[in-house]
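A short worksheet on the structure shown next.
The values are calculated or read from the model by the stated rules, or taken from the named source; none is laboratory data. None of the values given here were measured: they were computed from a predicted structure. Cβ: placed from backbone, ideal geometry, glycine included. Neighbour counts: every protein chain shown.
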Amino acid sequence: MAARNRTALLAYYKALAAHYGPTHWWPGETPFKIAMGAILTQNTAWANVEKALANLKREKRLAPRRILEWPLDELREALRPSGYFRQKADRVRRFCAHLVDRYGGSMARMAKRPLDGLRIELLALNGIGPETADDILLYACGKPVFVVDAYTRRIFGRHGLVDPNTGYEGLRAFFETHFAPDLHRYKEYHGLIVWAGKDFCRTGPRCEGCPLAPFLESQG
């Protein structure tokens with residue numbers, strides 16, 4: 001079974017990569033901006049996150065200390081396009097305060113912390129759950145951790161590789177056990193899953209033209 005899972009995950013990755021090419025996922029010019037995007041993308045579309053990030057950039061606030069110096073009401077207004085802007089303003093400030101207090105505001109210094117300890121540290125911050133923490137770890141800190149999202153569960157559940165009811169940590173363990181830890185491939189695989197989920201594996205699946213359809217058909 002383990003060998004089958006390893007073979008399947010690699011085959012799916014190659015099929016998606018052949019179809020889409022490089023994703024260059026996650027969008028963001030700096031590790032700090034990537035971290036901000038990971039927090040702001042909770043419960044909203046990425047287009048809304050881009051508007052909020054553009055507001056921060058326009059106000060020259062894309063730095064932890066600059067955000068902490070900003071009046072809370074102005075931060076909230078800047079983040080309004082991302083939805084749930086009051087809660088997200090609190091989460092952004094909490095992350096920035098932690099980054100400044102513990103790492104002098106440096107994402108590079110934070111990234112030097114070993115993966116397991118840093119993951120626990122991020123999860124201890126109120127408002128940062130496993131997916132957000134892993135987005136930050138993988139894309140902003142360069143740690144080989146596999147990011148799971150709703151598309152991951154939907155695609156691989158429909159293909160019978162995982163139980164659709166498996167929790168986040170179970171799915172992450174499944175991928176990290178059966179797909180060799182590789183920073184570039186982990187980044188690309190997540191991006192490819194997001195694109196395939198948006199294009200084909202929606203709530204109502206659109207299997208025609210999907211690069212993974214042949215695998216489903218081969219299962220009969």
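For segment 163-202, enumerate the residues that are outside any helix (DSSP H, G or I) and either crowded, with 19+ Cβ neighbours inside 10 Å or touching a residue at least 12 places away in the same chain (Cβ under 8 Å) (or both).
Of everything in segment 163-202, those that are outside any helix (DSSP H, G or I) and either crowded, with 19+ Cβ neighbours inside 10 Å or touching a residue at least 12 places away in the same chain (Cβ under 8 Å) (or both) turn out to be Thr166, Phe179, Pro181, Asp182, Phe200, Cys201.
Can you confirm whether segment 102-109 contains a residue that is in a loop (DSSP other than H, G, I, E, B) and under 12 Å from the mean Cα position of the chain (by Cα)?
no
Which residue, of Arg119, Arg94, Arg102, is of a type in the set (D, E, K, R), over 22 Å from Glu29 (Cβ atoms), surrounded by 14 or more Cβ atoms within 10 Å (Cβ to Cβ) and out of contact with any helix residue (DSSP H, G or I) (no Cβ under 7 Å at 6 or more places or on another chain)?
Arg94
Each row is one residue, and each column tells you yes or no for (1) in contact with an Asp or Glu (Cβ under 7 Å, 6 or more places away or on another chain); (2) of a type in the set (A, V, I, L, M).
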residue	(1), (2)
Val145	yes, yes
Asp149	yes, no
Leu171	no, yes
Phe179	no, no
Lys187	no, no
His190	no, no
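Select, from Leu115, Leu75, the only residue that is farther than 22 Å from Asp182 by Cβ and either free of Cβ contacts under 8 Å to residues at least 24 places away in the same chain or not polar (S, T, N, Q) (or both).
Only one candidate passes the filter, namely Leu75.
Do we find a residue being over 20 Å from Lys14 (Cβ atoms) and modelled with pLDDT of 95 or more anywhere in segment 173-187?
Yes, some residue in segment 173-187 is over 20 Å from Lys14 (Cβ atoms) and modelled with pLDDT of 95 or more.
Given the options Leu125, Leu212, Leu171, Leu161, name the one that is hydrophobic (A, V, I, L, M, F, W, C) and closer than 24 Å to Lys33 by Cα.
That would be Leu125, the only listed residue that is hydrophobic (A, V, I, L, M, F, W, C) and closer than 24 Å to Lys33 by Cα.
Scan segment 58-72 for residues that are part of a helix (DSSP H, G or I) and in contact (Cβ under 8 Å) with a residue 12 or more places away in the chain and jot them down.
Pro64, Arg65, Ile67, Leu68, Leu72 - these are the residues of segment 58-72 that are part of a helix (DSSP H, G or I) and in contact (Cβ under 8 Å) with a residue 12 or more places away in the chain.
Being touching a helix residue (DSSP H, G or I) at 6+ places or on another chain (Cβ under 7 Å) and of a type in the set (Ser, Thr, Tyr): is that true of Thr177 here?
no
Can you confirm whether segment 125-140 contains a residue that is in a loop (DSSP other than H, G, I, E, B), aliphatic (A, V, I, L, M) and at pLDDT 95 or above?
Yes, because at least one residue in segment 125-140 is in a loop (DSSP other than H, G, I, E, B), aliphatic (A, V, I, L, M) and at pLDDT 95 or above.
In this structure, is Val92 free of Cβ contacts under 8 Å to residues at least 60 places away in the same chain, under 28 Å from Glu188 (Cβ atoms) and not in a helix (DSSP H, G or I)?
For Val92, the condition - free of Cβ contacts under 8 Å to residues at least 60 places away in the same chain, under 28 Å from Glu188 (Cβ atoms) and not in a helix (DSSP H, G or I) - is not met.
From (1) under 30 Å from Phe179 (Cα atoms); (2) without any contact (Cβ under 8 Å) to a residue 24 or more places away in the chain; (3) among the charged types (D, E, K, R); (4) assigned to a helix (DSSP H, G or I), pick out the condition that doesn't hold for Glu29.
(4)
Mind counting the residues in segment 73-122 that are aliphatic (A, V, I, L, M) and over 18 Å from Lys51 (Cα atoms)?
Number satisfying all stated conditions: 11.
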